[in-house]
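**Student:** Take a look at the following structure, please.
The values are calculated or read from the model by the stated rules, or taken from the named source; none is laboratory data. Predicted model, so just to flag it, every value in this text is computed and none were measured. Note that each Cβ is placed from the backbone with ideal geometry, even for glycine, and that neighbours are counted across all protein chains shown.
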Amino acid sequence: MRHHTIRTRSVFALAAVASGAALVLAAAGSASAQDVPLTTENPRPNSAPLTGGDAAYEYAPTIIAENGVYRMWYCGQDPQGAVPGDDILYAESPDLNGPFTAPGGGDPLIVFEGRGDGSFDGQHTCDPSIVKVGGTYYMYYGAAVNDGVTTIGVARSADGLSWERMVSAPVIAPANQQDTGNDYGAGQPSAVHLDGLFYLIFTDTTGAGALRSNGAGQFAWRSADPTFATGTEVFTAEGWQASTPENDRSFSVANAFSADWQYSDELESFIIAHNNDAGRTTLTFLGTENLAEHPYAPVSIEGAWVEGPGAVSLPDKHAVDDGAEECGRVPVDVIHSSRSDGVPPQDLVRKGIDLVAPIDCETPTPTPTEDPTDEPTEDPTDEPTDEPDSGLPLPILDLSRAEMQMVDAVDEARAEAGCPALRVDSRLTLASRAHSEDMRERSYYSHVNPEGEGPEERAADKGYTAQVGENLSQGVRSAQQVVRSWEDGGDERDRLLDCSYTSVGVGTERGGLLGLSSWWTLMLGTD
């Protein structure tokens, strides 16, 4: 939360004190020595400005890629606002290089603002962080009743445009545990959803673990409750522990202000994007369970910045997977303000880089069957004179990495329901691949193709005549995310967890915007 009316005291102070400081953990000696170097490729320099409109300033964006569109929320102060103060604006684009406009065109929209009363967010709402879980968008935001201290609120939405506050009070307020000389308070939230939990990092310049010289630092909480009112754990020097007033701001995972984070399924690591050094944005990597571990060495994205970055992510704030499915490659793009010129930050721009990790993604060798214990007692029969039965399975096909990930995720979900692992069937695999490719090439999304053929007919065309069921998905999502969406309910969940199915085929095709959209077909069979 940085208020226009006190910008020289609050915003630029926060950016300046972090500049030039190396990112360190608050507890000496707790970082892991496993910092594996990453290769970087395909650098993308600062783009041209992305937005238009009359906002007095624009900064602190959050960006998700969803259904072929980049959706961006950010902080500004629009003259059309009903309440003088910080507003949260929305714009979207099919291209990361813009232009970003309101849906259908026009200037960005105000989608959230102060209530204009004496409530905790009566005047200022800023620093949005959006995460989508199931069909609901959750927004964490910085708030202030006036130009005083900042607190954190949370709202929800069915479409990302019309929001309702979930609680009438802050979900996080300043701890007031030390005086760092920086009275900003608690704000600048960044959320990720992982394995059923909301993970949140945020700034609190009064927290016990904040840097004494300026209040810098990022505190990490997690809970299944989006309001963090119940079941909250906080990261401490001893790892994740139940939250108490004594430990909830005791340990800082990063010496930074206005940071954003996402989770990379490819790297199995959190990625924190933060601006410490002039002319570059730093990416720092934290362990999945132990945030004091650094599995990879930090990486820089070159490009002048003003204010903190927002990392382009999938709706659950996971990193966008590589469209070419190259093992270990993760494209990271960030958007941030790029110009101040003595005035509030303006000109949101995009920049990025590809991370390439030394990850072994080789196809696992199938477990061989046991050797026979007895020698055959009869002479071998004559060679068959007829062709094999066309109904028998085809030779096992090599699955792509994405297809293997889908099979693994499906088996894992079914195991929790007591179902045995599925047998990969080549006939179902061929039928699934053909349907995903057909949907992509002919721009439709349905179990029934334009010729009226459904799953049973398509499976039979490949020689599979037993009963089948089919799940589909389309969008910018990984295999694990697709399976989680099927588990949310409906017919997809019923088919997924039906233990009468014993065989499986998966087909996935890439295409669409930057090759990041996926068409998934999962076919389940009873043979």
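**Student:** Among the numbered criteria (1) among the aromatic types (Phe, Trp, Tyr); (2) assigned to a strand (DSSP E or B); (3) touching a Leu at 6+ places or on another chain (Cβ under 8 Å), which one does Phe257 miss?
**Tutor:** (2)
**Student:** Here is a further query. Residues to consider are Asn255, Asn290, Asn276; find the one that is closer than 25 Å to Ala237 by Cβ and surrounded by fewer than 22 Cβ atoms within 10 Å (Cβ to Cβ). Even if it seems obvious, please write down each step before you answer.
**Tutor:** Working: Asn255 fails: surrounded by fewer than 22 Cβ atoms within 10 Å (Cβ to Cβ); Asn276 fails: surrounded by fewer than 22 Cβ atoms within 10 Å (Cβ to Cβ).
That would be Asn290, the only listed residue that is closer than 25 Å to Ala237 by Cβ and surrounded by fewer than 22 Cβ atoms within 10 Å (Cβ to Cβ).
**Student:** Let me ask something else. Please go through region 264-320 and pick out each residue that is under 24 Å from Met139 (Cβ atoms), in contact (Cβ under 8 Å) with a residue 60 or more places away in the chain and assigned to a loop (DSSP other than H, G, I, E, B).
**Tutor:** If the condition is that a residue be under 24 Å from Met139 (Cβ atoms), in contact (Cβ under 8 Å) with a residue 60 or more places away in the chain and assigned to a loop (DSSP other than H, G, I, E, B), then Asp265, Asn275, Leu291, Leu314, Pro315, Asp316, Lys317, Val320 are the ones that fit.
**Student:** Could you give me the residue pairs with C-beta distances under 7 Å whose first residue belongs to region 484-496 and is closer than 17 Å to Pro420 by Cα, whose second residue is surrounded by 17 or more Cβ atoms within 10 Å (Cβ to Cβ) and among the polar types (S, T, N, Q) wherever it lies, and which are 6+ apart or on separate chains?
**Tutor:** Within 7 Å, the pairs are Arg495/Asn471; Leu496/Asn471.
**Student:** Say we look at region 257-278 and pick out the residues that are at pLDDT 90 or above and more than 19 Å from the chain's Cα centre (by Cα); which of these is nearest to Ala220 (Cα to Cα)?
**Tutor:** Selected residue: Phe257.
**Student:** Let me ask another. Mind checking whether some residue in region 129-148 is within 20 Å of Trp305 (Cβ to Cβ) and either assigned by the TED database to the domain that holds Met166 or in contact (Cβ under 8 Å) with a residue 60 or more places away in the chain (or both)?
**Tutor:** Residues of region 129-148 within 20 Å of Trp305 (Cβ to Cβ): 129, 142.
Retained after the next criterion (residues that are either assigned by the TED database to the domain that holds Met166 or in contact (Cβ under 8 Å) with a residue 60 or more places away in the chain (or both)): 129, 142.
Yes: one or more hits.
**Student:** I'd like the residue in region 176-197 that is of a type in the set (Gly, Ala, Ser) and buried (at least 21 other Cβ atoms within 10 Å of the Cβ) and, out of all such residues, is farthest from Gln480 (Cα to Cα). Even if it seems obvious, please write down each step before you answer.
**Tutor:** Residues of region 176-197 that are of a type in the set (Gly, Ala, Ser), as a first pass: 181, 185-187, 190-191, 196.
Narrowing further to those that are buried (at least 21 other Cβ atoms within 10 Å of the Cβ): 185-187, 190-191.
Details: Gly185: 37, Ala186: 33, Gly187: 31, Ser190: 22, Ala191: 19 Å.
Here the residue is Gly185.
**Student:** Going by the structure shown, is Asp127 out of contact with any His (no Cβ under 9 Å at 6 or more places or on another chain), among the charged types (D, E, K, R) and at pLDDT 95 or above?
**Tutor:** Values: out of contact with any His (no Cβ under 9 Å at 6 or more places or on another chain): yes; among the charged types (D, E, K, R): yes; at pLDDT 95 or above: yes.
Yes; evaluated as a whole, the condition is true for this residue.
**Student:** Considering every residue within region 128-145, establish whether at least one is polar (S, T, N, Q), buried (at least 18 other Cβ atoms within 10 Å of the Cβ) and more than 22 Å from the chain's Cα centre (by Cα). Walk me through it before giving the result.
**Tutor:** We begin by selecting, within region 128-145, every residue polar (S, T, N, Q); these are 129, 136.
Add one more test, that the residue is buried (at least 18 other Cβ atoms within 10 Å of the Cβ), and what stays is 129.
After this cut, where a residue has to be more than 22 Å from the chain's Cα centre (by Cα) as well, the list is none.
Checked region 128-145: no residue is polar (S, T, N, Q), buried (at least 18 other Cβ atoms within 10 Å of the Cβ) and more than 22 Å from the chain's Cα centre (by Cα).
**Student:** Now for a different question. Output yes when any residue across region 188-200 is in contact (Cβ under 8 Å) with a residue 12 or more places away in the chain and of a type in the set (Asp, Glu), and no when none is. So that I can check it myself, show each step before the final result.
**Tutor:** Taking region 188-200 as the starting set, the residues that turn out to be in contact (Cβ under 8 Å) with a residue 12 or more places away in the chain are 188-194, 196-200.
Going one step further and asking which of them are of a type in the set (Asp, Glu), we end up with none.
No, there is no match, as no residue in region 188-200 is in contact (Cβ under 8 Å) with a residue 12 or more places away in the chain and of a type in the set (Asp, Glu).
**Student:** Output yes when any residue across region 246-256 is under 27 Å from Pro295 (Cα atoms), at pLDDT below 95 and of a type in the set (S, T, N, Q), and no when none is.
**Tutor:** Yes: one or more hits.
**Student:** Which one is farthest from the chain's Cα centre (by Cα) among residues in region 457-502 that are at pLDDT below 90 and part of a loop (DSSP other than H, G, I, E, B)?
**Tutor:** Out of the qualifying residues, it is Gly490.
**Student:** Mind listing just one residue for me: the one in region 345-370 that is in a loop (DSSP other than H, G, I, E, B) and modelled with pLDDT of 80 or more and, of those, surrounded by the fewest Cβ atoms within 10 Å (Cβ to Cβ)?
**Tutor:** Residues of region 345-370 that are in a loop (DSSP other than H, G, I, E, B), as a first pass: 345, 357-370.
Within this subset, residues satisfying the condition of being modelled with pLDDT of 80 or more are 345, 357-359.
Working: Pro345: 26, Ala357: 20, Pro358: 11, Ile359: 14.
Selected residue: Pro358.
**Student:** Could you count how many residues in region 229-249 are surrounded by 15 or more Cβ atoms within 10 Å (Cβ to Cβ) and either without any contact (Cβ under 8 Å) to a residue 60 or more places away in the chain or not in a loop (DSSP other than H, G, I, E, B) (or both)?
**Tutor:** Selection size over region 229-249: 9.
**Student:** Another one. Among the candidates Ser436, Ser400, Ser426, single out the residue that is of a type in the set (Gly, Ala, Ser), within 15 Å of Asn471 (Cα to Cα) and either at pLDDT 90 or above or surrounded by 10 or more Cβ atoms within 10 Å (Cβ to Cβ) (or both). Before the answer, list the steps.
**Tutor:** Details: Ser400 fails: within 15 Å of Asn471 (Cα to Cα); Ser426 fails: within 15 Å of Asn471 (Cα to Cα).
Being of a type in the set (Gly, Ala, Ser), within 15 Å of Asn471 (Cα to Cα) and either at pLDDT 90 or above or surrounded by 10 or more Cβ atoms within 10 Å (Cβ to Cβ) (or both) holds for just one of Ser436, Ser400, Ser426, which is Ser436.
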